[in-house]
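First up is the structure itself, then whatever we jot down about it.
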Amino acid sequence: MQSTACAVTMLRDDLFFLEIWLRHYGGLLGRENCYIVAHGRDPEVLSMAEGCNIVGIPGDPHKNFDMKRWRLLNNLVMGLNAYYGHVIVGDVDELVVIDPAARMGLLDWLAGAPQRRVYTPLGLEVVQMISDEPEPIGERVIGPRRHVRIAPHYSKPCIVSTGTKIARGGHYTQFDTLFTPDVLYLFHLKYVDFEAYRAVMDRRNAVTAAVNVDSHKDASIGRHWFAEARGEDRAVFDAFAARPLEEGFDMRPVRKAMQRSWRPRGDTGFWEFDRPDDDRRFRLPERFTGAL
């Protein structure tokens, strides 16, 4: 049984993404090294995640849901760090992928990676080009989907091997050095499938409605969970297709910009880099086919 790395997530109902998460991390790390907090103890989650380590918690809506969630995840990560070299933590639709150009798997890379660090993979949002990629994804994501956009908000410090605090949402930690290796990416899958997106947003809007607050300003829940921030679903995807398609796939300038802007996040104790909007769209090189 390996103790190099484990993966941790928390979810409520997101079976579409859970299937992908289980296939990815279960295959790379072994299901016995996957830890799932099941918010609401959905029987389908318990069945799908058989062989994983499942922590069931009550599913009652709460306006401080996100704050409570990251308090639990922080403590879980801290505890698991005593048993694993690295702990990968994030939402169920966020997956760490190693560039196939590295010619090794993620577990092998982590086995050789120095510990007592926090690693920040470069965030890429995988988006469906509805006109060009009309078919639903199957057992593989990359292949049926090939287009990504740079997503600075998803360049998250999500591989942890030291004692540190992770901020609500997972965007920042109190670790004061930025490690963003060229071979690591965080693929965000929120927009990977139009129909799945609509279903997820419907469920999230229902959760925030049940909390009974007027807006995200009145609760510790991400703004994107609220109907007020949703917009028209098809227009969101059409906007992706309207973005300019760049030639090549050189992400070194993006990582260098992250390093240049690295600084304390005010007096919060957390650290951050600039997260500018980026309209560019890229097509993943052929070598990524099947990487997820």
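The values are calculated or read from the model by the stated rules, or taken from the named source; none is laboratory data. Owing to the predicted nature of the structure, the values given are computational and were not obtained by experimental measurement. Backbone-built Cβ (ideal geometry, glycine too); neighbour counts: all protein chains shown.
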Scan the range 201-222 and tell me whether some residue there is at pLDDT 95 or above and more than 22 Å from residue 21 (Cβ to Cβ). no
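What number of residues within the range 100-110 satisfy the criterion of being buried (at least 22 other Cβ atoms within 10 Å of the Cβ) and in contact with a helix residue (DSSP H, G or I) (Cβ under 8 Å, 6 or more places away or on another chain)?
To start, the set of residues in the range 100-110 that are buried (at least 22 other Cβ atoms within 10 Å of the Cβ) comprises 106, 110.
From the residues that got through so far, the ones that are in contact with a helix residue (DSSP H, G or I) (Cβ under 8 Å, 6 or more places away or on another chain) too are 106.
Residues that pass the stated criteria total 1.
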Those residues that are β-branched (Val, Ile, Thr) and under 26 Å from residue 133 (Cβ atoms), I need them from the range 145-182; list them, please. 148, 150
All positions within the range 40-49 that are surrounded by 15 or more Cβ atoms within 10 Å (Cβ to Cβ) and touching a strand residue (DSSP E or B) at 6+ places or on another chain (Cβ under 6 Å): 45, 49
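How about the range 69-107: which of its residues are of a type in the set (S, T, N, Q) and either under 14 Å from the mean Cα position of the chain (by Cα) or not in a loop (DSSP other than H, G, I, E, B) (or both)? Write out each step before concluding.
Within the range 69-107, the subset of a type in the set (S, T, N, Q) is 74-75, 81.
Selection gives 74, 75.
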What tally of residues in the range 260-284 results from selecting those that are surrounded by fewer than 14 Cβ atoms within 10 Å (Cβ to Cβ), over 21 Å from the mean Cα position of the chain (by Cα) and either modelled with pLDDT under 95 or not small (Gly, Ala, Ser) (or both)? 5
So, residue 20, is that one under 25 Å from residue 202 (Cβ atoms), surrounded by fewer than 21 Cβ atoms within 10 Å (Cβ to Cβ), in contact with a Leu (Cβ under 8 Å, 6 or more places away or on another chain) and of a type outside the set (D, E, K, R) or not? no
Take residue 248 and decide whether it is over 25 Å from residue 200 (Cβ atoms), loosely packed, with under 15 Cβ neighbours inside 10 Å, of a type in the set (Gly, Ala, Ser) and at pLDDT 90 or above. yes
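Matching residues to (1) in contact (Cβ under 8 Å) with a residue 40 or more places away in the chain; (2) surrounded by 21 or more Cβ atoms within 10 Å (Cβ to Cβ); (3) not aliphatic (A, V, I, L, M):
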site	(1), (2), (3)
86	yes, yes, yes
90	yes, yes, yes
112	no, no, yes
129	yes, no, no
Scan the range 65-102 residue by residue and report those that are under 16 Å from residue 172 (Cα atoms) and either of a type in the set (D, E, K, R) or touching an Asp or Glu at 6+ places or on another chain (Cβ under 8 Å) (or both). 66, 69, 71, 91, 94
Against the conditions (1) in a loop (DSSP other than H, G, I, E, B); (2) under 30 Å from residue 67 (Cα atoms), where does residue 137 fall short? Just the number, please. (2)
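Of everything in the range 69-84, what is in contact (Cβ under 8 Å) with a residue 40 or more places away in the chain and either over 22 Å from residue 41 (Cβ atoms) or not aliphatic (A, V, I, L, M) (or both)? Give them in sequence order.
First pass over the range 69-84, keeping only residues in contact (Cβ under 8 Å) with a residue 40 or more places away in the chain: 69-70, 72-74, 76-78, 80-81, 83-84.
Matches in the range 69-84: 69, 70, 74, 78, 81, 83, 84.
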Considering each residue of the range 32-67, count those that are free of Cβ contacts under 8 Å to residues at least 24 places away in the same chain, farther than 15 Å from residue 92 by Cα and part of a helix (DSSP H, G or I), and give that number. 2
Just wondering, is there one or more residues in the range 128-138 that are under 14 Å from residue 183 (Cβ atoms) and among the polar types (S, T, N, Q)? no
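Conditions (1) exposed (fewer than 14 other Cβ atoms within 10 Å of the Cβ); (2) at pLDDT 95 or above; (3) in contact with a strand residue (DSSP E or B) (Cβ under 6 Å, 6 or more places away or on another chain); (4) farther than 14 Å from residue 21 by Cα, marked per residue:
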position: 59; (1), (2), (3), (4): no, no, yes, yes
position: 65; (1), (2), (3), (4): no, no, no, yes
position: 75; (1), (2), (3), (4): yes, yes, no, yes
position: 97; (1), (2), (3), (4): no, yes, yes, no
